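The values are calculated or read from the model by the stated rules, or taken from the named source; none is laboratory data. Note that the structure is a prediction, hence the values are computed from the model and not measured. Virtual Cβ from ideal backbone geometry, glycine too; neighbours counted across all protein chains shown.
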Amino acid sequence: MSAIDENELKEFAADADAWFRENVNLNVDFMLPLTFMEVGTDEQFEYLRDWQRKVWEAGYLGAAWPKEYGGGGLDQKFQTAATEAMRRHQGPIMLNAIGLNWTGPLLLDMGSEAQKTKYIKGILSAEDIWCQGFSEPDNGSDLGNAQLRAVKDGDDYVLNGSKIWTTQGNFAKHMILLARTNPDAPNKYAGLSFFLSPMHVNGIETTPIRKLTGEYGFTQTFFTDARIPADSLMGEEGQGWLIAMRTLEYERGARGGQAGGYAITPLDAFAILELAKKAQRDGAPVMDDPVVRDQLVELLVEAQGLKLCQERGRVSPLTQDRPMALALSGKLMWTEFARRINEFAIKLLGSRGAYYVGDDNAVDDGLWTRGYLNAFSATIGGGTSQIQRNIIGEHVLGLPKK
């Protein structure tokens, strides 16, 4: 970048820092979701929708997306600076996670001009919330075996079947949907097609799913003779698997182009150090235990290592030996680390780790217990940790399929 560009970037970063310092407001009388998978009440939804729109209107979301679709048209470094300011001032999550991080980048990459014009701005403003219709109750991680049927009938497709774990499905206006258009295709992948499906049509219903935490963030979506316009099809019939795999690259962080911000509250691993300092066991500080100190140091070293891996992944000369290694392993490493560090925090708390949000005896209002219970959803969504290990083995290490 030229000197003037660097000066513009510094000014933009300073403005973003000042804006988030002034506008972040966490003083609300309800529980703010830590992740987009925890948005279960109208109160949470409206607060986060207003917050996302406010960030976008200020120019700190979608800063690197094309201006003609509602973005800022700036270099990616500007959006990175804005997101860093958001993180520094502990701004709430961005609500429209599937739109900002998966659907939007996918449309900019593979969508038609009409689709970009129709959908992108609404994604950024949070006017149009998106959900994902990939997983099905009877197929688990076998995404290629999706059975929801889409049958062409004149100017419509008629949908029958169900999808599960459709996060924010009850709030969504649109769904990225993988459906079977040709059950007689030579292989299961060739019979799949990809749709940008409206949700507000007759025959589509959602049922909330109560989580281990007692919250509602997931839904199951049922399709009963639901008719959607034929132009909801993305690409051609039979290209669904190709488009779905590109979508998963965005979902797993293996491909860039997301709008910015974050959909999961950034994990401050070093906050556990403060917890360890005040936690007691048998009347003595847990930090007096050398085993605990060793375990704590190992976790903090790992946290710093993961952070440096993210930075290394942005410098192509440092990843030339295995270009996709960090990108494909990022989701696995971070989600499993989040689960383990929250579990360690609960162990530090001893019996007090059993108290949950709202209990007077809970430490940090049950933050660590809540974080632990919610961590499991991230190790499943976007492909389970077991699936992620298979991907790394096959596509990074070159190991054969079993």
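Only one of these is surrounded by fewer than 20 Cβ atoms within 10 Å (Cβ to Cβ), out of contact with any Gly (no Cβ under 6 Å at 6 or more places or on another chain) and within 29 Å of Lys116 (Cα to Cα): Lys54, Lys67. Name it. Before the answer, list the steps.
Details: Lys67 fails: out of contact with any Gly (no Cβ under 6 Å at 6 or more places or on another chain).
Within the list Lys54, Lys67, the selection yields Lys54.
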Considering residues that are in a helix (DSSP H, G or I) and under 22 Å from Val55 (Cβ atoms), the number found within the stretch 106-128 is 11
Extreme residue, surrounded by the fewest Cβ atoms within 10 Å (Cβ to Cβ), among residues of the stretch 243-273 that are free of Cβ contacts under 8 Å to residues at least 12 places away in the same chain and in a helix (DSSP H, G or I): Met245
Kindly indicate the residue of the stretch 2-30 that is without any contact (Cβ under 8 Å) to a residue 12 or more places away in the chain and among the polar types (S, T, N, Q) and also surrounded by the fewest Cβ atoms within 10 Å (Cβ to Cβ) among those meeting that condition. Asn27
Among the residues of the stretch 28-41, is there at least one that is assigned to a loop (DSSP other than H, G, I, E, B), aromatic (Phe, Trp, Tyr) and out of contact with any His (no Cβ under 6 Å at 6 or more places or on another chain)? yes
Do the conditions hold for Gly104, that is, is it touching a Leu at 6+ places or on another chain (Cβ under 8 Å), more than 21 Å from Leu233 (Cα to Cα) and surrounded by 23 or more Cβ atoms within 10 Å (Cβ to Cβ)? no
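Among the listed residues Val292, Val301, Val315, which satisfies the condition of being at pLDDT below 85 and among the β-branched types (Val, Ile, Thr)? Walk me through how you get there before you give the answer.
Numbers: Val292 fails: at pLDDT below 85; Val301 fails: at pLDDT below 85.
None of the other options fit; the residue is Val315.
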On the basis of being farther than 18 Å from Arg53 by Cα and in contact with a Gly (Cβ under 9 Å, 6 or more places away or on another chain), does Val158 make the cut? yes
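Kindly establish whether Lys152 is in a strand (DSSP E or B) and over 18 Å from the mean Cα position of the chain (by Cα). Step through it out loud before you land on a result.
Numbers: in a strand (DSSP E or B): yes; over 18 Å from the mean Cα position of the chain (by Cα): yes.
The answer is yes for Lys152.
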Residue satisfying all of: in the stretch 160-181; more than 24 Å from Leu107 (Cβ to Cβ) and polar (S, T, N, Q); farthest from the chain's Cα centre (by Cα) among these: Asn160
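Going by what's in this entry, would Gly260 be described as modelled with pLDDT of 95 or more, in contact with a Leu (Cβ under 8 Å, 6 or more places away or on another chain), more than 30 Å from Glu57 (Cβ to Cβ) and not aromatic (Phe, Trp, Tyr)?
On the way: modelled with pLDDT of 95 or more: yes; in contact with a Leu (Cβ under 8 Å, 6 or more places away or on another chain): yes; more than 30 Å from Glu57 (Cβ to Cβ): no; not aromatic (Phe, Trp, Tyr): yes.
No: the conditions fail for Gly260.
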Here are some residues: Pro66, Pro33. Which one is touching a residue at least 60 places away in the same chain (Cβ under 8 Å) and not basic (Lys, Arg)? Pro33
For the stretch 151-182, how many residues are modelled with pLDDT under 95 and more than 13 Å from Gln132 (Cα to Cα)? 0
Say we look at the stretch 274-307 and pick out the residues that are in contact (Cβ under 8 Å) with a residue 40 or more places away in the chain and β-branched (Val, Ile, Thr); which of these is surrounded by the most Cβ atoms within 10 Å (Cβ to Cβ)? Val286
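Filter the stretch 1-27 down to the residues that are under 26 Å from Arg370 (Cβ atoms) and either at pLDDT 95 or above or in a helix (DSSP H, G or I) (or both) and list them by number. Let's see the steps before the verdict.
As a first pass, look at the stretch 1-27 and keep what is under 26 Å from Arg370 (Cβ atoms): 20, 23-27.
Of everything in the stretch 1-27, those that are under 26 Å from Arg370 (Cβ atoms) and either at pLDDT 95 or above or in a helix (DSSP H, G or I) (or both) turn out to be Phe20, Asn23, Val24.
For Ser351, state whether it is of a type outside the set (D, E, K, R), assigned to a helix (DSSP H, G or I) and surrounded by fewer than 16 Cβ atoms within 10 Å (Cβ to Cβ).
Numbers: of a type outside the set (D, E, K, R): yes; assigned to a helix (DSSP H, G or I): yes; surrounded by fewer than 16 Cβ atoms within 10 Å (Cβ to Cβ): yes.
Yes, satisfied.
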Does at least one position in the stretch 234-241 carry a residue that is acidic (Asp, Glu), part of a loop (DSSP other than H, G, I, E, B), in the same structural domain as Asp138 (by TED's automatic domain parsing) and modelled with pLDDT of 95 or more? yes
Filter result (of a type outside the set (Lys, Arg), without any contact (Cβ under 8 Å) to a residue 60 or more places away in the chain and in a helix (DSSP H, G or I)) within the stretch 308-333: Leu308, Cys309, Gln310, Glu311, Gly313, Ser316, Pro317, Leu318, Thr319, Leu326, Met333
